[in-house]
Amino acid sequence: MYRKCELLFLVFLLSFSLLHAEKNNSLSIVSDDINTSILNHDMNISAYNDWNNSIYTWNAAGTGGSYPPLISADLNASAYDWNALNTRWVNMRAAALGALDLSHFNQNNGSVMHVGDMSDYNRVDVRGIRFGVLGTINFDKPWTYVGMVSLNSLTKDFNSTTTDKFTLYDAMVGIPVWGEYGRMQIGKMKAPISMERIMGMVFEQTMERPTHLDALLDSRSIGIDFSDMIFDQRFTWKIGVFNNWLDKDDLSFSEANQEVVGRVTSVAYEDEEKERLLHLGAAYRYVDIREGTVSYEVGPEQWFVGSWVDTGNFAADASHTVNLEMSYLDGPLWFATEYTSTSVDAPQFGNPTFSGYHIAVNYFLTGEHRGYNKRRGIVRRITPILDFTNGGWGAIEFSARYSTLDLTDGAIKGGEMDISSLGLIWHPRRDTQFHMQWSRTRLNTTDIVPMKSDSDILQFRMVIVID
């Protein structure tokens with residue numbers, strides 16, 4: 001009863017926020033104000049120029065000189081201000097996200113033998129409840145900050161053995177260090193590798209990230225990174241060092257894995273008048289596996305289901321991950337692909353290499369286009385041309401993706417998985433989404449007895465964002 005009341009109260013709060021929203025217009029493909037911070041959290045929030053101009057008039061008066069407040073384009077916050085605290089020295093905006101999922105599995109006999117009966121997952125689940133604050137500390141060159149936590153008592157985002165009521169997702173401070181765009185970030189955040197990994201999950205092309213990214217890349221890491229934008233704002237680079245010992249009670253700093261991660265992106269082609277842009281990116285991650293063992297595993301792009309391919313724990317000395325990415329925006333079209341390969345220094349297991357890739361295409365049937373954030377090297381969330389609450393239908397988006405992952409190499413028999421997905425996304429408002437998606441998962445494992453199977457998953461999702 002308590003859980004139901006808590007959930008109903010949360011839905012009421014999220015719904016109440018919609019009453020205060022104002023009409024928004026579609027953003028240009030590249031924001032006019034790209035002099036922004038990098039706020040690494042799943043909500044990928046950024047601000048409208050009119051909102052920014054009204055809040056930061058103090059900066060034009062001389063407090064900030066010629067250095068625009070770094071919160072401006074990356075916070076992309078809603079036009080309403082009921083959740084904001086704006087002062088001369090501190091700007092703070094409350095943020096929250098709630099996502100509710102409905103799933104249905106259809107399995108053949110081979111699938112039931114392969115992964116068990118999935119009928120228990122034919123149900124409604126809370127995908128995530130997150131809330132926190134973000135904003136700026138308005139020094140002459142403003143610092144940025146973000147803090148996000150997840151409510152565990154209602155969601156199943158985390159291991160069922162977790163007893164904490166809250167889990168810290170992001171706790172990061174961004175500090176200008178040189179020039180106009182040079183930045184330092186410190187705290188718990190996303191490491192600079194993969195556009196899809198850096199972007200907010202609920203603003204991506206399909207309901208969940210591709211299998212190869214969830215299997216081979218960390219969600220968040222604790223550390224420090226540095227970044228800059230160069231060559232007339234056409235290239236970005238970012239490099240960081242990370243160590244998650246604070247999240248591991250039984251390990252010291254020297255005993256936990258040490259990571260070095262770097263990413264370079266480029267706007268290889270741009271035509272703002274025709275709303276076209278080509279993004280290219282490459283990243284590398286080195287992990288000194290001081291903890292002695294490593295494992296890679298992932299489920300079928302359905303958050304609540306356990307691993308369907310799994311290497312198990314095996315002894316290793318280090319790993320090397322390369323990620324290549326490409327996105328092409330052409331009006332309502334968004335085409336994207338990424339390739340990830342992880343080579344593991346594990347001589348006793350044949351130094352295995354695991355890899356995967358995905359190809360995805362999205363198209364707005366209602367004519368919207370996604371913007372692009374040069375500072376972060378990511379595609380932005382969208383704003384409907386005709387908001388549903390202002391007489392329009394909102395934005396309707398078609399999505400299709402193919403992803404594949406191979407965790408079998410050398411002496412490691414983790415399995416192979418291919419997933420094809422088709423979906424529709426309705427964005428009635430900027431802060432609301434409804435997803436409907438079908439996917440087919442083809443599983444191939446050879447650990448004991450070679451087996452192949454197919455599973456169909458029908459998924460629905462409702463997302464409400466307060467920012």
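The values are calculated or read from the model by the stated rules, or taken from the named source; none is laboratory data. Keep in mind that this is a model prediction, so the values were computed, not measured. Here Cβ is always computed from backbone atoms with ideal geometry, including for glycine, and neighbour counts include all displayed protein chains. Just so you know, the surface numbers come from the protein's heavy atoms only, side chains and all, with ligands and any DNA or RNA stripped out. Shrake-Rupley method; radii C 1.70, N 1.55, O 1.52, S 1.80 Å.
Within the range 433-440, at least one residue is modelled with pLDDT of 95 or more, basic (K, R) and over 19 Å from the mean Cα position of the chain (by Cα).
Could you list, in sequence order, the residues of the range 166-204 that are touching a Gly at 6+ places or on another chain (Cβ under 9 Å) and modelled with pLDDT under 90? L168, Y169, D170, M201, V202 - these are the residues of the range 166-204 that are touching a Gly at 6+ places or on another chain (Cβ under 9 Å) and modelled with pLDDT under 90. Could you list, in sequence order, the residues of the range 304-328 that are closer than 30 Å to N106 by Cβ and either among the charged types (D, E, K, R) or in contact with an Asp or Glu (Cβ under 6 Å, 6 or more places away or on another chain) (or both)? Passing the criteria: F304, S307, D310. When you scan the range 65-87, do you find a residue that is surrounded by 15 or more Cβ atoms within 10 Å (Cβ to Cβ), outside any loop (DSSP other than H, G, I, E, B), touching a Lys or Arg at 6+ places or on another chain (Cβ under 8 Å) and modelled with pLDDT under 75, even just one? Yes: the range 65-87 contains one or more residues that are surrounded by 15 or more Cβ atoms within 10 Å (Cβ to Cβ), outside any loop (DSSP other than H, G, I, E, B), touching a Lys or Arg at 6+ places or on another chain (Cβ under 8 Å) and modelled with pLDDT under 75. Within the range 304-344, being of a type in the set (F, W, Y), within 22 Å of I412 (Cα to Cα) and open to solvent by 10 Å² or more (accessible area, probe 1.4 Å) holds for W308, Y339.
Scanning the range 288-303 for residues that are surrounded by fewer than 20 Cβ atoms within 10 Å (Cβ to Cβ), of a type in the set (D, E, K, R) and outside any strand (DSSP E or B) yields R290, E291. Of the residues making up the range 304-358, those that are over 22 Å from Y284 (Cα atoms), among the hydrophobic types (A, V, I, L, M, F, W, C) and in a loop (DSSP other than H, G, I, E, B) number 3. Looking at the range 413-427 only, could you name the residues that are open to solvent by 10 Å² or more (accessible area, probe 1.4 Å) and either polar (S, T, N, Q) or touching a helix residue (DSSP H, G or I) at 6+ places or on another chain (Cβ under 7 Å) (or both)? Residue satisfying the conditions is S420 alone.
Here R197, R285 are screened, and the one residue that is surrounded by 23 or more Cβ atoms within 10 Å (Cβ to Cβ), more than 30 Å from T432 (Cα to Cα) and basic (K, R) is R285. Between W438, W393, the distinction of being without any contact (Cβ under 8 Å) to a residue 24 or more places away in the chain and open to solvent by 10 Å² or more (accessible area, probe 1.4 Å) belongs to W438 only.
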